[in-house]
Amino acid sequence: MLRLCGDDLTREHLVDVATHIESMHTPIMLPGTTLNVSPTDYDGFKQFQLFRFDGNRYVPFGSLIDGGITN
């Protein structure tokens, strides 16, 4: 967020940038997932992936699940 703010690091600008995110994907996110945040919808993740512990590590199973928090 700070990089997106550039030289304008005021609280107001940070909030404005953080509440206007559209189709953002970062390297730590699962392939095919995006982050979308708006001033009226702070629930940025609308897709989820289930993981199962195989005794050594967590392994994803199934496909992405569409969902999110509903009000």
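Data table
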item: Cα-based Rg of the range 2-66 normalised by 2.2 N^0.38 Å, two decimals; result: 1.46
item: From phi via Karplus (6.51, -1.76, 1.60), per-residue ³J(HN,Hα) for the range 48-65 in Hz, x at Gly/Pro; result: 9, 10, 7, 10, 10, 7, 9, x, 10, 8, 8, 10, x, 9, x, 9, 4, 9
item: Within the chain, longest stretch clear of exposed chymotrypsin sites (Phe, Trp or Tyr not before Pro) (DSSP loop, no more than 15 other Cβ within 10 Å); result: 1-41
item: Per-residue [θ]222 nm for the chain (sum of -39500 (n - 2.57) over DSSP H runs n ≥ 4, rounded to 500); result: -4000 deg cm²/dmol
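Each reported figure results from applying straightforward, stated rules to the coordinates on display, with no laboratory input. Keep in mind it's a predicted model, so treat the numbers as computed, not measured. Cβ sites come from the backbone with ideal geometry, for glycine too, and all protein chains shown count toward neighbours.
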